[in-house]
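Student: Mind having a look at this structure? Questions to follow.
What follows draws every value from the coordinates through simple rules; no lab data is involved. This structure is a prediction, so every number in the text was calculated from the model and none was measured. Please note: Cβ atoms are built from the backbone with ideal geometry, for glycine as well, and neighbour counts cover all protein chains shown.
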Amino acid sequence: GNSVTQMEGPVTLSEEAFLTINCTYTATGYPSLFWYVQYPGEGLQLLLKATKADDKGSNKGFEATYRKETTSFHLEKGSVQVSDSAVYFCALRDNQGGKLIFGQGTELSVKP
Amino acid sequence: GAVVSQHPSRVICKSGTSVKIECRSLDFQATTMFWYRQFPKQSLMLMATSNEGSKATYEQGVEKDKFLINHASLTLSTLTVTSAHPEDSSFYICSARIGVTGQPQHFGDGTRLSIL
């Protein structure tokens, strides 16, 4: 079945450091891929998405490229801020049933 | 736009109580709503999918009689945890989607349920 695997956290970085959170997936067909962010005590907010191979999603300085050959959708940001501290979830959506399948989440902590 | 409101945000109650959680789409009509459960430091697990006016579709392993879902209108779905016990304590999150499969899901802020 479909699944998503993320690198384990917590990830602790200093402000202005480069961020990479790895995400790989297993799916039949051509799923859409997403990154969601969850701030403490809140629900999920869509950060970015890509719907087909080689698409690059970007938002608020974050980027991720849909790589079908490596079944990956790694999240990157060139310079993190303290306010980026949150839990980040990679997810896929199969384009038949429409269900979202989430990775286990990666907690990011950015220190000043 | 596309705001989803979940209420209450936090509830603490005694074992054996039934608890109702509401999920409302404030500025759009949600044909489909989803209910997730999240354990501490873990991912979201889909519990059920509800379509307005029809019975909810539950994921494998989710007790239908324990977690009652009603999607009576295009803007409201409710999750009732019946006879809640401490093991039901969790963070419950709903999401809502306009129309067909390819549309994005919009998430509520979640409900922290604590059963004493």
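Student: Less than 15 Å apart at the alpha-carbon level, and either on another chain or at least 8 residues along: which aspartates and glutamates does that give for residue B:64?
Tutor: Within the straight-line limit of under 15 Å, residue B:64 reaches these aspartates and glutamates: B:88.
Student: May I ask for the net charge around residue A:50, where only other residues with Cβ less than 12 Å from the Cβ of residue A:50 are counted and Lys, Arg are +1 while Asp, Glu are -1?
Tutor: +3
Student: Another one. Report, ordered by chain and residue number, the aspartates and glutamates lying within cross-link reach of residue A:56, taken as a straight Cα distance under 19 Å and ignoring same-chain residues fewer than 8 apart.
Tutor: Result set, ordered by chain and number: A:69, A:76, A:94.
Student: For segment A:36-112, what ratio Rg/Rh do Cα atoms give with a Kirkwood hydrodynamic radius?
Tutor: That ratio equals 0.97.
Student: Identify the chymotrypsin sites (Phe, Trp or Tyr not before Pro) of segment A:15-112 meeting these criteria: DSSP loop state and at most 10 other C-beta atoms within 10 Å of the C-beta.
Tutor: Listed in order of number, the matching sites are A:18.
Student: Can you give the Kirkwood hydrodynamic radius for chain B, in Å, rounded to one decimal and based on Cα pairs?
Tutor: Value: 14.0 Å, from the Cα pair sum.
Student: Taking all pairs of distinct Cα atoms, average 1/r, flip it, and tell me the Kirkwood hydrodynamic radius of segment B:14-79 in Å to one decimal place.
Tutor: 12.7 Å
Student: Hey, what's the Kirkwood Rh for the protein assembly as shown if you take every pair of different alpha carbons, in angstrom?
Tutor: 18.2 Å
Student: Set the Förster radius R0 to 35 Å, insert the Cβ-Cβ distance between residue B:60 and residue A:95 as r into 1/(1 + (r/R0)^6), and round the FRET efficiency to 0.05.
Tutor: 0.95
Student: Let me ask something else. Find the percent of Cα-Cα distances in segment B:47-86 that exceed 16 Å, and round it to a whole number.
Tutor: Summing the P(r) tail past 16 Å for segment B:47-86 gives 33 percent.
Student: Among all stretches of chain B without exposed trypsin sites (Lys or Arg not before Pro) (DSSP loop, at most 12 other Cβ atoms within 10 Å), which one is longest?
Tutor: The longest uninterrupted stretch comes out as B:65-116.
Student: For residue A:60, give me every one of the lysines with a C-alpha distance below 22 angstrom, ignoring sequence neighbours fewer than eight places off in its own chain.
Tutor: Correct list for residue A:60: A:49, A:52, A:77, A:111.
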